[in-house]
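J.: One structure is given below, represented as C-alpha cells, and several questions about it will come after.
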Amino acid sequence: SLAVDPRNPLTVYASAESNGGVFKSGDGGQTWANASWGLPAGGFIDTVMIDPFHTNVIYAWAGYQASVSTDGAASWAPIALPWPQGASVSGGVHFTFDPVTPGIIYGPWISLSKLGVQKSTDGGATWTQLNTPFIGSSVVPDPKVAGLLYAVGPTVNAQNAAFPFWKSADGGATWTSYPCPADSLSALAVDPANPRIMLAGPFRSTDGGQTWSPTNVSRDIQPAFALSSAGLIYATAPITSDAFLAKFLSDGKTLVWSTYFGGMGNETGQGIALDASGNIWIAGSTSSYDLPVTPGALQSTLHGGTNAFAARFSNDGRLLAATYLGGSSLDKGLGIAIGAQGNAWLIGNLSSADFPFTTAPPATLPV
C-alpha cells in the first residue's frame with residue numbers, strides 16, 4: 001500500500017510484503033530509503049497509513065501486529081489494537097482515519113465467523129461494531145463530508161463473486177450499493193479535490209461511484225491521492241508481462257531483431273506463423289486496455305477481462321496489423337495458422353456468451 005503526506009505530496013510511504021518493511025521517499029517516489037527500524041524482523045507489512053491530523057504519526061500493520069512511528073518513520077514501536085475477544089486476524093486489514101473530524105477511526109472487526117467494521121469516536125479508546133451489509137472490506141471516509149463513507153466488498157451471504165460499491169451518508173448506520181467491476185484485490189481511493197472522482201483498482205468513477213469505466217492501467221493498482229496537490233496520485237501495481245517476437249539467423253545464435261508486443265496489462269504469445277510474403281503472424285491473449293491495435297481493426301477495444309489477439313508484423317519487425325478478438329468474459333487465443341489463400345486461422349477457448357461470432361452460436365454455452 002501507499003500513503004502520501006497530507007501536507008507534502010513529495011513525501012510518500014510504501015509498505016512491502018516481500019521485503020518485509022516500510023520504505024520512505026522524499027522526492028515523489030523517484031528514490032526510496034528503508035524506514036523499517038524498529039518494525040518486527042521479517043514482518044510482511046500489509047498497510048501503512050498516516051494520521052491526517054498529525055502527519056509525523058505513521059501506522060504500519062503486519063496481519064494482527066501493529067506498530068506506530070511518531071517521528072516520520074525514523075523509528076517504530078509496537079502498539080495494541082482493539083480486536084474483539086477471540087478474534088482471528090490475517091493480513092490485508094487496516095484502519096482508516098476520518099480526515100474531517102479528529103478522533104473518528106474506522107477499523108476491521110474480525111471474529112471466527114465474520115469480517116465487519118468497527119468505529120471509534122474517541123481516538124481508539126472505545127469501539128462499537130457497525131452493522132455493515134458487506135464483509136472483508138476497509139471503509140474509506142469522504143475527504144470533505146463528515147460521516148460519508150465508501151467501501152467495495154462482497155455482500156454478506158452473496159452467492160456470486162460480485163463486489164459492489166457501497167455508500168453510507170450517516171456514518172455507517174445504513175448503506176446503499178451500486179454495481180462495480182472491481183474485485184477482492186481492488187483498493188478504493190477518493191480524490192480529495194473532487195470526491196466524485198474515485199478509483200477502485202483499474203476502474204474509475206466520476207459520479208461518486210454510481211458508474212465505473214476502465215482506465216488504461218490494465219492492472220489492479222493500489223492508489224493514493226495526494227491531498228495537497230490537485231490531480232496527483234501515486235499507485236503501486238503488480239508487474240505485468242508482454243509478448244515478444246524475435247528473429248534469429250539460421251545459425252540460431254545471431255539476433256537480427258526483437259520487439260515487445262503488449263500494453264499495461266498481461267500478454268501471452270501462444271502461436272506464430274509465416275505467410276508467403278514473409279510476414280509474421282502471432283496470436284495469444286491480453287488483458288490490456290491499451291493494446292496497440294491498428295486502424296481498421298476488427299475489434300479495437302478490450303471487451304472483457306481477457307481477450308484473444310492477432311497481430312501481423314513485416315519481416316523486418318514493423319507492426320502491420322493488430323486486433324482484439326473476444327467478448328465480455330475470458331477468451332484466449334492458443335494458436336494460429338496461415339491458409340493457402342493467405343488467410344490467418346486462430347484457435348483458442350472462450351467463456352463469453354457474446355463472443356463475436358459471424359454465425360449464430362448456441363443459445364447457451366455448454367457447461
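J.: Straight-line reach from K144: which aspartates and glutamates have a Cα under 19 Å away, not including same-chain ones fewer than 8 places off?
T.: D5, D51, D98, D170, D191, D207
J.: Show which lysines lie in cross-link reach of K332 when reach means a straight Cα distance below 23 angstrom and same-chain residues fewer than eight apart are skipped.
T.: Here the lysines satisfying the reach criterion relative to K332 do not exist.
J.: Put a dot 7 Å past each Cα toward the Cβ at F357 and D122; how far apart are the dots in nm?
T.: Here the modelled spin labels are 6.5 nm apart.
J.: Read through the labelled values [x] 23; [y] 33; [z] 39 and report the label of the one computed as percent of Cα pairs over 37 Å apart from the structure.
T.: Here percent of Cα pairs over 37 Å apart agrees with entry [y].
J.: Residue by residue, what Karplus-based ³J(HN,Hα) values in Hz, rounded to whole numbers, does the stretch 137-154 have, using 6.51, -1.76 and 1.60 with θ = phi - 60° and x for Gly and Pro?
T.: For the stretch 137-154, the Karplus-derived couplings read 9, 8, 8, 10, x, 5, x, 10, 10, 5, x, 8, 10, 9, 6, 10, x, x Hz, x marking Gly and Pro.
J.: Another one. Per residue Cα convex hull volume for the stretch 270-367, in cubic angstrom?
T.: 105
J.: Please compute the net charge surrounding P141, taking Lys and Arg as +1 and Asp and Glu as -1 over other residues with Cβ under 14 Å from its Cβ.
T.: -2
J.: Apply the Debye scattering formula to the stretch 165-240, with a single equal point scatterer on each alpha-carbon and no solvent, then give log10 I(q)/I(0) at q = 0.11, 0.13 Å⁻¹.
T.: Values, matching the q order: -0.28, -0.39.
J.: Mind checking which of W109, L249, A41 is farthest towards the positive end of the chain's charge dipole, using Cβ charges of +1 (Lys, Arg) and -1 (Asp, Glu) about the Cα centre?
T.: The residue sitting most towards the positive pole is L249.
J.: Then there is this: Spelling out what I want: for every residue of the stretch 51-60, take phi, set θ = phi - 60°, compute 6.51 cos²θ - 1.76 cosθ + 1.60 (Karplus), and round to whole Hz; glycine and proline get x.
T.: 5, x, 9, 9, 6, 8, 8, 10, 10, 9
J.: So how much slack lies between N56 and I347, counting 0.36 nm per residue of separation and subtracting their Cα-Cα distance, in nm?
T.: Length difference between fully extended and current span is 99.1 nm.
J.: Which far-off residues, 5 or more places away or on another chain, put their amide H under 5 Å from the one on A73, with H placed in the peptide plane?
T.: Amide H neighbours of A73, under 5 Å, 5+ apart: I58.
J.: Which FRET efficiency value, to the nearest 0.05, is calculated for L330 and L255 with the Förster distance at 45 angstrom and r the Cβ-Cβ distance?
T.: 0.85
J.: First select every other residue whose beta carbon is under 14 angstrom from the beta carbon of W37; then total the charges, Lys and Arg +1, Asp and Glu -1. Intermediate values should be presented prior to the final figure.
T.: Numbers: positive: K24; negative: D71.
Charge balance in the 14 Å sphere: 0.
J.: Taking a cut-off of 27 Å, what percent of all Cα-Cα pairs in the stretch 117-276 are separated by more than that?
T.: Within the stretch 117-276, distances greater than 27 Å cover 41 percent of Cα pairs.
J.: At a 1.4 Å probe, what is the % contribution of carbon and sulfur to the accessible area of the chain?
T.: Ligands and nucleic acids excluded, carbon and sulfur reach 55 percent.
The values are calculated or read from the model by the stated rules, or taken from the named source; none is laboratory data. Only a predicted model underlies this, so the values are computations on that prediction, with no experimental measurement involved. Cβ sites come from the backbone with ideal geometry, for glycine too, and all protein chains shown count toward neighbours. Keep in mind that these areas ignore ligands, DNA and RNA; they rest on the heavy atoms of the full protein, side chains included. Shrake-Rupley method; radii C 1.70, N 1.55, O 1.52, S 1.80 Å.
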